[in-house]
Each structure stands twice: as C-alpha cells, then as structure tokens.
Amino acid sequence: MNNDNAQLSPEALRRIDREVAKYPAEQKQSAVMAALVIAQDEKGWLPKETIAAVAEYLGMAPMAAYEVASFYNMYDLQPVGKYKITVCTNLPCALSGGVHAAEYVKTKLGIDFNETTADGKFTLKEGECMGACGDAPVMLVNNKRMCSFMLPEQIDKLLAECK
Amino acid sequence: MVEIEIDGKTLQVEDGSTVIEAAHKLGTYIPHFCYHKKLSIAANCRMCLVQVEKAPKPMPACATIVTNGMKVFTHSELAVKAQKAVMEFLLINHPLDCPICDQGGECQLQDLAVGYGDSASKYEEEKRVVPDKDLGPLVSTDMTRCINCTRCVRFTAEIAGFMELGQSYRGERAEVMPFIGKTVNTELSGNIIDLCPVGALTSKPFRFSARTWELSRRKSVSPHDALGSNLIVQTKHDKVMRVLPLENEAINECWISDKERFSYQGLNSADRLTKPMVKQGGEWKEVDWNVALDYAAHALRDVAKNHGGAAIGGLLSPHATLEELFLAQKLLRGLGSENVDFRLRHSDFSADGKRAGIPSLGMKLADVSALDRVLVVGSFLRKDHPLIAQRLRQSAKKGTQVSILHSANDDLLINVTARAIAAPSQLPALLAQVAKAVCAAKGAAVPSDLSAVAVTPDAQAIADSLVSGSNSAVLLGNFAQQHPQAATLHALGRLIATTLGGRSGFLGEAANSVGGYVAKAVPGNGGLNAAAMIKTPLQAYVVVGTEPELDAANGAQALAALAKAAVTVVLTPFKTPAMLDYAAVLLPSAPFTETSGTFVNTEGRVQSFYAAAKPLGETRPAWKVLRVLGNLLELSGFDYNSSEDVRNEALGGKREFAAGMSNGIEGVALSIGDGSGKLERVADVPIHFADPLVRRSPALQQAADSAAPSARMNAATLAKSGLAAGDAVKVGAGDTAIRLCASLDNGLPDNVVRIAVAHADTIGLGAMFANLTVEKA
Amino acid sequence: MALIDTINPLLTTGWAKGDAGWGIKEYEARGGYRQLRRVLESKMTQDDLIAEVKKSVLRGRGGAGFPTGLKWSFMPKAAPVKYVVCNTDEGEPGTFKDRDLMRFDPHAVIEGMIIAGYAVGAKAGYNYIHGEIFETYQRFEEALDQARAAGYLGNNVLGSEFSFDLFAHHGWGAYICGEETGLLESIEGKKGQPRYKPPFPANFGLYGKPTTINNTETFAAIPFILGMGGEAYLNLGKPNNGGTKLFSVSGHVNRPGNFEVPMGTPFSKLLEMAGGMRGGRKLKAVIPGGSSAPVLPAEIMMECTMDYDSIAKAGSMLGSGAVIVMDETVCMVKALERLSYFYYEESCGQCTPCREGSGWLYRVVHRIEHGEGRPEDLDLLNRVTDNMMGKTICALADAAAFPVRSFIKHFKSEFEYHIENKKCLVDPETQRMGSGFFKAGAV
C-alpha cells in the first residue's frame, strides 16, 4: 500500500503501461478508465491527488480525468470500507429479491446505502443492472467479485467470509 | 454549394454548412444556447430543434448538415412544440432568480423564455441546487443557474487550449466545475462570462454593481497589447463599470484577454492624478491648469535656452495614442530636441537607419491563421499576445507547424512542432543556425557571416519544418525586440523569410508599437534613443504615459537619470511616489477611456476611438495638454481643433492602414556570439504588469498570472548554484543586488535565471538583459 | 451459472461444459477457428464474405436489429485505418446473454470479430466489456492471450497477409456506454456521452476512423453462419428474422436463464422452457425486450412469437431479447418507479430533455408510489414523456419514456387506484412474498 496519494507504485505504473499498450500511441487517454481502476485498487479510493497523478501520467488534463472518475459509478471519490458491497435493486433483480436482499444486508450491518460501518469494514451501495439478472439477487464485492443467488443464507456466508 | 429552403426562402450555402449557419445567412434566428460559431458542436441544449422535411423527428439546427433540396421549417408546429418542450425542461430546475442575477437584462435564457416559455411551471417537485465554485478573482459563479450547455468547458479546452473546466458527474447531477481545488487561470478566462448564456458565470469585479440597462456603451480599442482588440466600454455616471469585446473577426474575433477585460479597474485607482501639480521649493502643490502649463512651458523653454534643445529628452509610452505620440515628438522637435523615443524596453537600436520602413506584423492578423509554417522567435507568446497565440493554437490543430526559438520553454498550449531553447546570448547563434539550414535546404547562398555556424539538431528540426511548408512566416516577439542583438535577430529572421519565400514580422509589444513609428516618436539625426536618454542623464525630460522605472529596459537607470534631471514634466493618469520624487510638474492626462485617440496595431491597422467617459476630476486628454503646451511655447503648427486633425497630420491623411511599413533591413553587421557561459537574466514582462493601467487592477493583481517575481532556474542551474527551490537568494547584477525566492522552472535552459521585470520587487536589478550572480541569502 | 435450454443449439453448443469448456483447445475441438482458417486460406473476398452475412439476415442482437451485413457494407473501402468494436456493455436491465456467451464461448466472439475485421478491412478491434462483470473481462483477456499465442491474432494471422489484433476495454459502471457512440467515447478515455449522428461510426467512429460496431451475440453468430451458410442460418428463423436468438428470461419464472431458440418461437414455449411461472402464479405482464421496451400485458404477450416483427406488431420491441416476466404479486407502480429511477440515475446529462426529464418522471412516479399522487399526474407523465421522446442525441430519453407510457397505458387503473387510495392495489405482504427471498412464514 502506497500512502502518498500523488504517487503510484511501480507495480501500478507497470499495469497502467500494459493498458496503454492496447491503444494507438497517440491515444494514451484511452487507458484512463483502466488506470483509474488500478489507482483505486491501490489507494482504496480515488483522492484528487491520485486522479491528478493518473492524468499527468497519461498526458491529459486533470479535469478530463475527473470527468471520467465522476461519470462511471464504480469509481469511489470518497473513502469506502474494506468491503464495498453493491446490491443490484433494479427491476429484474427486485422481482427475485434484490430489494429484499439489500434490506437484509442493511439490517445485518446496521447501515443504509452509501454508508460505512463504524469499524470501517463495510460500505453498502445500491447498484444498477450488472448484467446477471438470471442470477438474482446479485451483489458485487469490491467491484470485481460477483455473487449470485444471494438469499439470506448466502448473504450470511458472504458477510462471515469478509474479515 | 447546395440549395436549401428555410421557411419558404431559398438560398445557396456551402457544402458542409449546418442548418443554423444557413439560417443565420438568411437572417432567420433559431433559438439556441450551446451552439457557438467558434466552438465545437455539442448539440446538447436541444433548443434549436427545427422541422426538416421527411425527417420523422425534429432535428437540431446546429448539428444538421444541409443537403441539396432540404426544406427546413423553423416555426412550424412541430418545431415550436419541440422548442417549447426544451424550454420547459431548461426552466424546471432553473432558480428563476432574475431580479438578483447580474445576467438579468442580457440573458439568453430570459430572452428566449419570453418567447418559448410558459407563464407558470408545471414542475412541482424539489428543485436542484448546485454548489458554487471558486474560479478565482475574475469569474463569479452561481451554478444553480447553469443549464449545462458546456460552452465554457469547450472554451477552455478548445480556445484557451487547456481543459480547466469540465462537466462532472452525470444526468441531473451533472455540474460544470474546475478540477477539485483549482481555479480557472487561463489569460482568456473572462470570455467564459460572455459565453455563458445564463447567469451562472458572471464578472466578479462587476458583480452587483449595476444593472445592464443602466449602462452607457461606447466602442473603444484596447490600449494594451499590439492586437488592438475592439472593445465595448460600459459606463454608469461616467465611471467605467465593465469592458466587453466588440466582435471583429479580422482582429480579436469575439474574444479579449483578461487584461483587456479587467484593466478598467485601474481607471478608478486611488493613484489617479486628478489635479495638475507642481513642485515649488520642494513642496508639491495642486494648481490650476494654466499655472501648471505655464510652469512646464517656462521650465522647458529655460532648459532649451540655457542648455540647448538636445538637453531635453522625451520618454513616451508605446501605449500612448498616436495623437499623443505625434504631438509629443513635435513639441520636443519644436524645442530643438531630436531625443524622443517610445521603444522604452528596447536595448539595441542599431537597426535605426537601416530599416526599409516601419516594422510591423508584415501581414494581416487574419493571414496569420492561414500560415502553414510559423517560427516564433523570442516571445512569451501566450502572455504577451494571448489572442495571436489563440489563432496559432487553432491553426496548429488544423495542421500548421509552429516552432519556437526562445529562452524559455513556457507551455504555450499549442501543439509545437520544434523547439530550440537557449540562454539569451545564444539566441542569435541559434537563429543563425536555422538560417543556415534553411539556406542549405533551399539551395541558397549562405551569407559569409554564417559560414562558421554549426547547425544543431534543434535548429535543423525548425528549419526542416519551415522548408516543408508553402506559406511560412518568422515572427519576432517582444523578447526578440528587446534583445541586445535585436537587429541581428531582425536581419536573420528576414533572411530566413526571404529564403523561404515567406514573410517576416514583428509581434508588436504595445498598442502603438507601429503607431510610434508612424508618429515619428523616434530619434532623428543625432538624437538619443530611449536607452541613451537614460544612460546619460539629461537636463530635462518630458514623460508621457509611462512609469520608466517599470516600463524601461533598465528601470533603475531610468530612475537615476530622472532623479538627476533639473526638470521633468510628466503627463500621466496616475501619480506615483517615484514621480513625486523626480518630477517637477504632474499633468493629469486622460487614460484611453477619457480621450479620443488612435492606435495603430501590429498589422498597421489604424483604429480611432472616442472617449467613453468624461475625464476624471481635472484630467484632460493628453493631446489637448500637448497642444496647449505647444501654443504656450509658441511653436508653430499646434493649432489643432480636434484629435482627428492631429491624427490626419500624423498619418498623412485618413487611412485604414499605416503607410510605409516594411520589415526589410540592410547593412546590419550580424552579431552572433555563442554565449558567455555566465549566468544570464531572462526577463519577462508579466501580463498583468505590462503597463500602468493593468498594474492597477486589483482583480487582475489577485490572478494566478500576477504572482510575485521569483528567481526561476532549471534544476541544473539551481544545483550548480547550490540552491533549492524555496531558498531565499541574493541576485546580483553589476554592483546592485536584490533578494528574491528561488524557484524551479524546468522550461528554462541552463545558466539562466528568469526574473520578471516591470515589478517593484525587481527594479533594483536594473537591465532586462544582464549577467547575474546568484547566492543563498 | 445461469440455466440454459435450447430448441436448436447453435450459439450455445459450446456451453454444455459450463466453465470447463471455454478454452481455446475446447473451442477448436468443437470446430472453432475453422471458419477463420477457411476464409483466410481460400482468400475469400470481402464482398463475398459480406454477401454471405447478408444472406443470413442476421440482425443486430444488441437491440436495434439492424441487418449486420448491410452495416458492414457501409465501411469505406479505401480508408487506411479502420476498427471493429464489440459491444459487450450489457447493462440493459433484464439482459444477461452476452455475459454467458463471454464466459462459456469467448473464442466464438473472438473468431467472429477477426472475421469481421477481415470483412471490413480493419487491423484492430476492441471489445468493450460491461464494468460489473470483472471475472468475465479477465477470462476474455485470457482467451485473447490464447488466441494470440495460437496465431489467430497479431501480424499475419495464420500466416496470411491479414493482420489483426484485438483488445479488451473494461467499462466501469455506466449504462449509457451500451449506446454505440457513448461506448466509442468511453474507449477514447472520456465520459460515455453519445455523439450526435450523423456522422455514423462507419464514417467517423473510434478515434474518428471508420468503425463497425456490433453486439457480442452478433459477432458470436458469424462463425456459425459461415459454417452452415447464410441461407441455412436464415432458415433457422423466420423470413427477415434470421437464425436463432438468445433470450434472457428473468423475473417470476421457475428457471430464469438464457435460452437459445429460433426466431419466431412462441412466447408461451419460451415461458415453458423457463420452467413456467414461479409458484404457479398468474402471469401479469412481460417486458419482452429489456427494460427500455414497452411492457405488454399477459394476454397480449401470450399471443406473440419471439421475433422482431411480431413483438413490434404487439406494440413493443424485441430489443436485446431480455424477457422480464412479472406475476400478479407485482405492483406496477413500484415496478415503474424502479425503472424510472434507473433512467434518472443513468442519464448521461448531456441533452436537456433527458437530463431534466428523467428526473421529473422519476419524482412524479415516486410520489405516486409513496401515496402523494395527484389526479393530474398521469397526464403530466404522458406530457413529459412526449416532450422527451425524439428530442435527444441518443435513445435514452425514449427508453425512459417507453416504460412510463406503456405502464400507464396498460395498467392505468392500478395507477389511478394508487393515486386515489394512496396505496398499492397489490397488498404489501403479497408483494413481499413474490420475490422468493423470504421463505414462507419467515419474518
């Protein structure tokens, strides 16, 4: 973990370089989404200094990077808990319990959407369609791990796993 | 060309035109907010929806390209229904706080709401509130009023060259903002106020000071840089409240720089001299005009009688009007002095007598946009010439190759093709290399002076770029004109241009850089130039519109010379402690808003203007003061009835462009040193310190461009001097020294310390071009 | 893993082994990359290739149903730099077919994209993958590495003159990037705000270069079309509705999942394949083509066949083939409130009618749902939708409007009941039990 928000680790930069290589040489900005994800993975969220550092690395205006960071909803512009749980409550999920699953998690953790538990462990978010409606209820853990068919028993198990 | 029909009227328009452009050609107004002819098409406000025959949906006129036979209906039921629908959406979250909004009365949303809005809103939900942003001292925000047209965002990215504003978040929560914690710092920032179609972005200095319908409007011309931007000066009770651009596509397009927009604050400065003053027995007294003028005339006549006319010198501001410059030199010549100059920041006058004509841009400003290769020599381009930089920025996007040869690698926000950056003493050699490489590429004979020059890769890259084009120009900036080898740079620029079959020109330093020559405000036979006049003190000086300690090439020397003079007559809108020290008479003369006058801009365009306000207190237009002085001195030819009479005499008739312009030069012995290896000063004239008026605008003085001068060095130079950024340093030049803070500027070449001139903190350092010593203080 | 069933397995042939069948070896073993090899080895002309695709009447599977071969033929031949882009930004509520395609048969997508690149003369391609399916994105990156190692990607594909490389671009949470020009902006590293069209991507696409952009399922179908021939593929479906199609069935059915059926299969058959209604309850309504498609009441839906034309005739859209099934436990006001919230949340903020209108719609529906509705609200909603539709750069405003209009049209009495009685027509406990989250009797 690198604590200086304006500095990205060599490992992060290496991963960003790999993303940059996907695009034509004069289109480094194309890698900004991936670079912000990599930076967020490293810092836990996206402080403004980190966004500016990513922008500088890719040769773009910090504001252009901020537009991106604020447009896509899985970037965290505020600190989040160790486990960010995003519950899809959109209609197809709701028909199979998405809203109820969210309520269940809220009760279990004692927090509402966009809140973090006092111990800093969990943040709860309401999500939009994750493209897995057949697996409803669906949750995402830390943006990258998708959990399917989240009925009470499975939710209990997930929360217990998150240490 | 294609033929289309708009509301039953047919017209021919060029292929690729949009419907809104075609409609404007016909004089048909289509309501719009996001569309702006100088910005990219966003098509987001949707206000310009019109009906197009065969299209099932209304189409945005701003983004719809005309096709042959297209029939457009801007006021059909479908079009008006769509326009009204959009207006309703625009208003549901708008605060409708027109009574307390500065935009009220000149608001596009307000105007269009009258035509397309309903009298009552059907929206009964909670309205959106958007937090305001701090954009700096110039632009005020009320973001709840923002309709997200993104004109300001596109302006910063496209016109100003750096995306300082963006539209963050999305949907209804979208908001326009700068990067967190940043302000908008472009030297063109005020234009976003004009672009904002609502009251979200308004002028901070103007805020709540007047309603638009209370203001009188007068056309004027900017007295600052050499572009001659056209202005609208707005006054209330003879006080200038606001300055806006007057659109002139051939000059400033629809923009002005912040300097031009906000310098008016200086007009109301506490420094304004409002009564004539004379020093009697070491005491300053406010006196009547006739007393002051008598005093001045007598004093000057006495010096001329006792010491000869050549004991009098005239230091004239290049920001003075043509009329003022003309009458001042006529007065001095009437007194028998050829010592007159307006080129106060120059240090090399060896081109005098060798020029083929009046140096100027050498082309129309609009022609700059058509160049395909440009070499800018010795220029802090973005700050010295914000709108010429803007033109080059746009052409660079369309493929023009812009190269830079200079002593600082400031970010011009232009896609620069090639750069050669070196210490001031090395610039002539560097330009000589370019010249040699261009001659070689073009198969032209290399002048013998250049035979020993070895071409470096940087210079070769510039030459390669230049020879690959077909419409090129070499433009010499302020720094090149102020340079100790200015004549060499001029001659080399000319050589490159003629070899290329292109053009050479000067980016004039000030509003009357061409006008000064037209007015003959330069030394005649045996006369002293600006540098000579201050190097060896004279008995008397006539100072017009300038503060030489800040405006001359060597401010310290100027002050010393003035202090030694027996008589100094100053025509000035402002009084300064320095003047109270050195002057004998202070004559309150009008700034540009309080006089009629003429500026001849860098392309040679003659632009006259009238006063926008009554002179403050007992201030009088300087041309009238000089005319009366001429009468009192019983000089012939001072019987003018109007400033137009003066102008016509100066120009040799009424003209649109000055006569006798040429950038040709003959017989200059090239002076191509290859650098001293010593520490050299690079002196920039910061944009908000360049002339007495702008220096007195409180808002501009708070802007990012007004930071106090520091001793800027690159990392190597800092290290070599044993310094770190932030250290207090003692900077010495000859036997003087000042204290500054060291700072890092990696755009500088080695062995260079960049220290701004025209600032109180650095007067003591003396000459703009000098060898320096730097040590930890 | 989503359940699957098929009548005529084509696209889903490789799914049988689930997570064990996605690799390149397995793909090759079931005939994968054979069509690419054939195209390259036979030096098939671009025109012949496009003609074959045209014959199949493969219509874009992303939702708009535009004929794929025709789209390819729009690409300017002479342009030196062109791109092929795959739209796997599957975020339309109800749609989850592309995720499974990418999980179980990523090489079919890759092969389809390479062949498309050959057909239109592109040397590079990007697959834009929905932000929320990171594991799928990772697998696709692995599949790309496999294809590269096997010589299917890179310089001189399979030793031919044709060079093509393919990259994955991962989204990060924005529905609007499913709109093709928003997606292109997003690949360029910007906000996914759609571009005004024209110019269309075929002329001004990624980085301003001519670009062909198709849905994942569309690309995945290409190797199969070449394998069986365009005409045979067409004949699997109905005239003008060629081939098989993946339908994602979600909501109140016993076996939600993806189903591959020939175009024109009766809805009743699809419902039966999905295990019928959950708990044997009564069908109330179906959104047949993803959340943006107008809802249809049960009686109309039961008469429909699953193809572009039949659904259009019934007043809705086949869209992406996302079938959201709702039973009698659903409060239609609450269902609409959630959908309206979605469009309000996902509007990109660019065009005035959508930015302002989507929030207006949501707030009014929210009021009605929360017992604060007014009699004039239904007219107001219709008027606001009318003012939004057809007045924006992309179709999101229309997508926000369609549910509102269709819910009110078909279930007006339920909305009126809500306004009048300040509560749901369907009692809360019935609604609560409908989701199946709570076991009967549990609190």
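A short reminder: the numbers here are calculations on the coordinates, not readings from a lab. This structure is a prediction, so every number in the text was calculated from the model and none was measured. As a convention, Cβ positions derive from the backbone with ideal geometry for all residues, glycine included, and neighbour counts pool all protein chains shown.
The mean number of Cβ atoms from other chains found within 10 Å of a Cβ in peptide C:157-167 is 1, as a whole number. Working note: Karplus 6.51/-1.76/1.60 with θ = phi - 60° gives the stretch B:629-641 the couplings 4, x, 5, 5, 7, 6, 8, 7, x, 10, 9, 7, 9 Hz, where Gly and Pro are set to x. The listed peptides A:7-16, B:251-260, C:360-369, ordered by packing as a protection proxy, come out as B:251-260, C:360-369, A:7-16 (highest mean of other Cβ atoms within 10 Å first). Size estimate for the stretch A:49-161 follows the Kirkwood approach: the inverse of mean 1/r over distinct Cα pairs works out to 15.0 Å.
Amide H contacts under 5 Å for C:H169: C:N127, C:Y128, C:I129, restricted to partners 5 or more places along the chain or on a different chain, H placed in the peptide plane at 1.01 Å from N.
Classify the stretch C:285-443 as rounded, prolate or oblate from the Cα gyration tensor: take a ≥ b ≥ c as the square roots of its eigenvalues, call it rounded if a/c is under 1.5, otherwise prolate when a/b beats b/c and oblate if not. Oblate, since a/c reaches 1.5 and b/c is not below a/b. Whole-Hz Karplus values for the stretch B:374-381 come out as 9, 10, 9, 10, x, 8, 8, 3 Hz, taken residue by residue from phi with 6.51 cos²θ - 1.76 cosθ + 1.60 and θ = phi - 60°; glycine and proline positions read x. When you restrict to C-alpha pairs under 8 Å that are six or more residues apart and normalise by the size of the stretch B:465-602, the relative contact order lands at 21 percent.
Normalised Debye scattering of the stretch B:301-390 at q = 0.13, 0.14, 0.25 Å⁻¹ gives log10 I(q)/I(0) of -0.66, -0.73, -1.33, counting only Cα atoms as equal scatterers and leaving out solvent.
The angle between the Cα long axis of helix B:289-307 and the longest principal axis of the Cα atoms of chain B comes to about 40 degrees, rounded to the nearest 10. The packing ranking, built from the mean of other Cβ atoms within 10 Å per residue, places the peptides A:130-140, A:107-117, B:301-311, C:65-75 in the order A:130-140, C:65-75, B:301-311, A:107-117, highest first.
Among the trypsin sites (Lys or Arg not before Pro) in the stretch B:349-440, those located in a DSSP loop and surrounded by at most 13 other Cβ atoms within 10 Å of their own Cβ are B:K398. Expressed as a fraction of 2.2 N^0.38 Å, the C-alpha radius of gyration for the stretch B:179-322 is 1.46.
By the helix-only formula, in which each DSSP H run with n ≥ 4 contributes -39500 (n - 2.57) and the sum is divided by residues, chain B has a 222 nm mean residue ellipticity of -7500 deg cm²/dmol.
With respect to chain C, whose longest principal axis is taken over its alpha-carbon atoms, helix C:46-56 is tilted by about 40°. The stretch B:613-681 and the stretch C:215-254 have Cα centres lying 82 Å from one another.
Using the structure shown, list the pairs from B:K442/C:K77; A:K43/B:K259; B:K57/C:K190; A:K48/C:K82 with a Cα-Cα distance above 32 Å, or answer none. Before the final figure, lay out the partial values.
Numbers: B:K442/C:K77 39 Å; A:K43/B:K259 42 Å; B:K57/C:K190 28 Å; A:K48/C:K82 36 Å.
Checking Cα-Cα distances, B:K442/C:K77; A:K43/B:K259; A:K48/C:K82 exceed 32 Å.
Taking the charge dipole of chain C about its Cα centre, with +1 at Lys and Arg Cβ atoms and -1 at Asp and Glu Cβ atoms, the residue from C:F402, C:A122, C:Y27 reaching farthest to the positive side is C:A122. How high is the relative contact order of chain B, given as a whole-number percent (alpha carbon pairs under 8 Å, six or more residues apart)? Result for chain B is 14 percent. For the stretch B:60-177, the number of Lys pairs separated by eight or more positions or lying on different chains, with C-alpha atoms closer than 23 Å, is 5.
Shown in residue order for the stretch C:382-388 are the 3J(HN,Hα) couplings computed by the Karplus curve 6.51 cos²θ - 1.76 cosθ + 1.60 at θ = phi - 60°: 5, 5, 5, 4, 4, 6, 8 Hz (x for Gly and Pro). Shielding of peptide A:32-41 by partners, expressed as the average count of other chain Cβ atoms within 10 Å per residue Cβ, is 3.
Just report the Cα centroid separation between the stretch B:103-145 and the stretch B:159-207, whole Å. About 15 Å separates the Cα centre of the stretch B:103-145 from the one of the stretch B:159-207.
Across peptide C:360-370, the mean count of Cβ atoms from other chains lying within 10 Å of each residue's own Cβ comes to 2. Ordering A:A102, A:F71, A:T50 by Cα displacement along the dipole of the stretch A:45-116 toward the positive end leaves A:A102 in first place; charges were set at the Cβ atoms of Lys, Arg (+1) and Asp, Glu (-1). With pairing defined as another cysteine C-beta under 4.7 Å, the cysteines of chain B that fail it are B:C48, B:C62, B:C98, B:C101, B:C107, B:C146, B:C152, B:C196, B:C254, B:C439, B:C741. Based on every Cα atom in the protein assembly as shown, Rg and the maximum pairwise Cα distance Dmax equal 36.7, 121 Å. For the stretch C:253-401, relative contact order (Cα pairs under 8 Å, six or more residues apart, normalised by length) works out to 19 percent.
The alpha carbon centroids of the stretch B:282-356 and the stretch C:319-395 are separated by 77 Å. Amide H to amide H distances under 5 Å link B:S743 with B:A711, B:R712, B:M713, B:G726, where only residues 5 or more positions off or on other chains count and H is placed in the peptide plane. The H on the amide N of B:R242, modeled in the peptide plane, is under 5 Å from the matching H of B:Q234, each at least 5 residues off or on a different chain.
Put simply, when C:115-127, B:575-587, B:473-485 are sorted by average Cβ atoms within 10 angstrom per residue, most first, you get B:473-485, C:115-127, B:575-587.
Summarising the overall dimensions of the stretch B:619-677 from its C-alpha atoms, the Rg and Dmax are 20.0, 57 angstrom. The Rg/Rh ratio for chain B is 1.00, where Rg is the radius of gyration of the alpha carbons and Rh is the Kirkwood radius. Cα axis of helix B:77-92 to longest principal axis of chain B: angle in degrees, 0 to 90, nearest 10? Taking the Cα atoms of chain B, the angle to B:77-92 is about 70 degrees.
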